[in-house]
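The values are calculated or read from the model by the stated rules, or taken from the named source; none is laboratory data. These numbers were taken from a predicted model, which means no experiment stands behind them. Virtual Cβ from ideal backbone geometry, glycine too; neighbours counted across all protein chains shown.
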Amino acid sequence: MITASNLTKVFGTVTAIDDVSFHVSAGEVVGFLGPNGAGKTTTMRILAGIFPPTRGAASIAGHDVLADAMEARRRVGYFPEYAPFYPDLSVEQYLRFVGCLKRIARRRRGSAVADVLTSCGLEEVARRLIGKLSKGYRQRVGLAQALLGDPPVLILDEPTIGLDPEQVVEIRRLIASFGGTRAVLFSSHILSEVEAVCSRVVVLNAGRVIAEGTPEALTAKLGAQQRIIVRVDAPRAAVLEALAEVEHIRTVEPGPDALRIVAETDDCEAGCRALAEAVQARGWTLLELRHEPLPLEQIFLRLVRRSGEPKS
């Protein structure tokens, strides 16, 4: 549904993105990550048809963003980082105006607006002026205009920026509901939010794609240590001493619970097996043994740091 092939964009002497390639399939919600200046917004604007790439190609639902620009634009709903609004229009008036710009037929425009008002929880404020709404509601209006016309592709650039935690949760639920048959590309600096909503991530740094895949696949690519949580019904000192000698375990540290041990290993399956065997051999009761994935935040930071290291 979304395909970027070797996209490059040069502004004067500055190369904003360089040879960027990735795809988003129907039904996927993919996180688009990168530090400030990585090239995320530039890439999204090319995909949304705002400006052309210097080199490379992109398509939306099978339509080239250059050769078949109008058809590509009809199939994408775009939420820019700072969505423009008309503060003196009501929510309903604004959405009708957007529907006109999107060339939704007049006979269908009213029902299309009603559908997105319902989808984004805006019925109660439909007749209120946008300039009088809270930031959270204005973001909902931005999502509603992106959804108008039922596009198969959504490109969302920082839709939760500036929101309080409760508003972030509300918008996150909305974004999670956008999947199904749509392809969604979702940019955010709140990595826990991306982790909760997205099944896969694409990571940019300095204008290049440095990694792509599920958090688990990226952890494996990094060769990062895995965390295992263990709770044992036995004296804490004895457990610490016993587990410290288990093969495959690099470190053992006491957690906040007196019976909780955090172990790190390169081989999660072998580590879990060795821990279970060590506990059973001593006749202790194993209360909990589980793998704790590396948080997306740590994966992201390690990838960015690694991409900045000089090649040997």
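Only a single criterion out of (1) in contact (Cβ under 8 Å) with a residue 60 or more places away in the chain; (2) in a loop (DSSP other than H, G, I, E, B); (3) not acidic (Asp, Glu) is not satisfied by ALA176, namely (2). In summary, ASP164 fulfils each of the numbered conditions (1) among the acidic types (Asp, Glu); (2) out of contact with any Leu (no Cβ under 7 Å at 6 or more places or on another chain); (3) crowded, with 16+ Cβ neighbours inside 10 Å with the single exception of condition (3).
Rundown of residues vs (1) within 19 Å of PHE186 (Cβ to Cβ); (2) surrounded by 17 or more Cβ atoms within 10 Å (Cβ to Cβ); (3) more than 23 Å from the chain's Cα centre (by Cα), yes/no style:
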residue: PRO80; (1), (2), (3): yes, yes, no
residue: ALA83; (1), (2), (3): yes, yes, no
residue: GLU124; (1), (2), (3): no, no, yes
residue: ILE130; (1), (2), (3): no, yes, yes
residue: TYR137; (1), (2), (3): no, yes, no
residue: ARG140; (1), (2), (3): yes, yes, no
residue: LEU154; (1), (2), (3): yes, yes, no
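GLN145 passes all but one of (1) farther than 17 Å from SER119 by Cβ; (2) buried (at least 21 other Cβ atoms within 10 Å of the Cβ); which number fails? Failing condition for GLN145: (1). Assuming LEU163 fulfils every condition listed in (1) part of a loop (DSSP other than H, G, I, E, B); (2) over 19 Å from TYR137 (Cα atoms); (3) not charged (D, E, K, R) apart from one, which condition is it? It is condition (2) that LEU163 fails. Scanning the stretch 52-69 for residues that are outside any loop (DSSP other than H, G, I, E, B) and of a type in the set (A, V, I, L, M) returns ALA57, ALA58, ILE60, ALA69. Taking the criterion of being more than 18 Å from VAL197 (Cβ to Cβ) and either hydrophobic (A, V, I, L, M, F, W, C) or without any contact (Cβ under 8 Å) to a residue 60 or more places away in the chain (or both), the residues of the stretch 145-161 that qualify are LEU148, ASP150.
Within the stretch 97-122, restricting attention to residues that are in a loop (DSSP other than H, G, I, E, B) and among the basic types (Lys, Arg), the residue that is surrounded by the most Cβ atoms within 10 Å (Cβ to Cβ) is LYS102.
For every residue, the table says whether it meets (1) part of a strand (DSSP E or B); (2) closer than 22 Å to LEU218 by Cα; (3) in contact with a Pro (Cβ under 9 Å, 6 or more places away or on another chain).
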residue: THR8; (1), (2), (3): yes, no, yes
residue: THR15; (1), (2), (3): yes, no, no
residue: PHE22; (1), (2), (3): yes, yes, no
residue: VAL30; (1), (2), (3): yes, yes, no
residue: ASN36; (1), (2), (3): no, yes, no
residue: THR41; (1), (2), (3): no, no, yes
residue: ILE46; (1), (2), (3): no, no, yes
residue: ILE50; (1), (2), (3): no, no, yes
residue: GLU71; (1), (2), (3): no, no, no
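Please verify whether TYR94 is in a strand (DSSP E or B) and of a type in the set (Phe, Trp, Tyr), treating the condition exactly as stated. The answer is no for TYR94.
Among the residues of the stretch 191-211, count how many are buried (at least 17 other Cβ atoms within 10 Å of the Cβ) and within 26 Å of LEU147 (Cβ to Cβ). Here the count works out to 10. Among the residues of the stretch 229-273, those identified as surrounded by 15 or more Cβ atoms within 10 Å (Cβ to Cβ), touching a helix residue (DSSP H, G or I) at 6+ places or on another chain (Cβ under 9 Å), modelled with pLDDT under 80 and assigned to a strand (DSSP E or B) are VAL252, ILE261, ALA263, GLU264, THR265. Please determine, by comparing only the residues of the stretch 5-46 that are among the charged types (D, E, K, R) and either surrounded by fewer than 14 Cβ atoms within 10 Å (Cβ to Cβ) or out of contact with any helix residue (DSSP H, G or I) (no Cβ under 9 Å at 6 or more places or on another chain) (or both), which one is nearest to ILE60 (Cα to Cα). Once the filter is applied, the top-ranked residue is ARG45. Restricting the stretch 73-91 to residues that are in a loop (DSSP other than H, G, I, E, B) and not hydrophobic (A, V, I, L, M, F, W, C) leaves a set whose member that is farthest from ALA126 (Cα to Cα) is ARG75.
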